[in-house]
Every structure is written in C-alpha cells, then in structure tokens.
Amino acid sequence: MDLSNLKPAAGSVKNRKRIGRGQGSGRGGTSTKGHKGAQSRTGYSRKIGFEGGQMPLQRRIPKGGFKNINRVEYAAINLDVLQQISEELGITKIDRDVLLNKNLIGKHDLFKVLGRGEVKSSLEVHANKFSDTAKSAIESAGGSVHVIEK
C-alpha cells in the first residue's frame with residue numbers, strides 16, 4: 001500500500017446538490033425554494049424562536065417570580081458543624097479562614113451561624129451574622145460572638 005492507491009471509504013464522499021442549473025437537473029426553476037415568499041428571497045433569515053406564526057414557546061409560557069436585586073445571600077453554618085470543627089482541629093477560635101480551609105464557604109461568601117445542634121466547648125466565633133438561638137447557645141457555653149462587617 002502506498003499513497004497512489006489511497007481512496008476514501010465507500011459512500012463517504014458525496015457530490016453536492018447543484019441547484020439552479022437548468023430544468024434537466026431536476027433542481028432548476030425555483031431552485032428547491034418553492035414559489036415566492038420571504039424564504040425564496042436572498043437575505044432572508046428567520047427570527048430566533050419563530051414558529052411559523054404559531055404563538056412561540058417563550059410567549060406561551062407565563063412569566064413568573066420576582067428577583068430582588070438587593071438580596072444578600074448568606075452561606076449557612078450550623079452550631080453542630082462548628083463543634084465538629086473545633087473538636088477535629090482542636091481550636092477555640094473559628095473564623096472565615098477556618099471555614100475556607102474546610103471548604104464550607106467560598107472566598108467571597110458571607111456566612112451566618114444558625115442554631116441547629118449544640119456547643120459543648122467555649123468557642124470564639126467570628127461571622128457576618130448570627131441567629132438569636134445560635135448567639136445565645138454560644139454565649140451560654142461560655143463562648144463569645146463577633147460580627148464581621150461586610
């Protein structure tokens with residue numbers, strides 16, 4: 001075998017349709033575009049979402065909801081998670097860096113401490129927000145609560 005007898009696989013190479021080259025070709029006359037109308041003219045492009053005059057999908061489906069542009073999203077961290085971290089790492093101060101290292105929050109996330117679970121040791125917790133139950137649980141265990149400004 002050499003370069004002189006290489007051929008493409010059978011059926012892989014097809015001749016393109018030559019439209020508009022006389023009636024004898026079977027594709028003359030209207031050149032497969034039908035008679036008159038926008039689609040037979042040059043430069044025609046159908047609008048995105050056009051369904052031939054039928055009410056398009058994006059207009060059939062109702063609008064819904066409301067997006068508050070002033071909403072502030074907080075990542076939720078519960079007391080049981082804080083207790084688990086302090087036991088694992090043997091620390092009493094829990095802040096942004098500790099939670100970042102444990103992949104519990106993102107680099108730009110604000111986070112709020114919530115009251116699920118219980119705190120057994122006295123912890124110094126730094127967070128953007130605290131729920132009332134979390135705050136009282138930390139303080140009753142002898143810990144302290146520090147609010148980080150955004």
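The values are calculated or read from the model by the stated rules, or taken from the named source; none is laboratory data. Keep in mind that what you see is a predicted model, and the values were worked out from it rather than measured. Using ideal geometry, Cβ is built from the backbone for each residue, glycine included, and neighbour counts are taken over all protein chains shown.
Would you confirm, using the coordinates I've provided, whether Lys33 is of a type in the set (D, E, K, R), part of a loop (DSSP other than H, G, I, E, B), in contact with a Ser or Thr (Cβ under 8 Å, 6 or more places away or on another chain) and farther than 30 Å from Ser131 by Cβ? First the steps, then the outcome.
Working: of a type in the set (D, E, K, R): yes; part of a loop (DSSP other than H, G, I, E, B): yes; in contact with a Ser or Thr (Cβ under 8 Å, 6 or more places away or on another chain): yes; farther than 30 Å from Ser131 by Cβ: yes.
Here the answer is yes, as Lys33 does meet what is asked.
Give the stretch 40-69 a look and list any residue that's under 28 Å from Arg16 (Cα atoms) and either small (Gly, Ala, Ser) or surrounded by 10 or more Cβ atoms within 10 Å (Cβ to Cβ) (or both), or say none.
If we filter the stretch 40-69 for residues that are under 28 Å from Arg16 (Cα atoms), which is where we start, we get 40-48.
Scanning the stretch 40-69 gives Ser40, Gly43, Tyr44, Ser45, Arg46.
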Out of the stretch 101-132, which residues are modelled with pLDDT of 95 or more and either in contact with a Pro (Cβ under 8 Å, 6 or more places away or on another chain) or surrounded by fewer than 14 Cβ atoms within 10 Å (Cβ to Cβ) (or both)? Asp132
Can you report the number of residues in the stretch 91-150 which are touching a Lys or Arg at 6+ places or on another chain (Cβ under 9 Å), hydrophobic (A, V, I, L, M, F, W, C) and over 11 Å from Leu79 (Cβ atoms)? 8
Return the pair list, or none, for Cβ contacts closer than 6 Å from residues in the stretch 13-31 that are surrounded by fewer than 12 Cβ atoms within 10 Å (Cβ to Cβ) to residues that are in a loop (DSSP other than H, G, I, E, B), at least 6 apart or on different chains. Gly22/Gly28
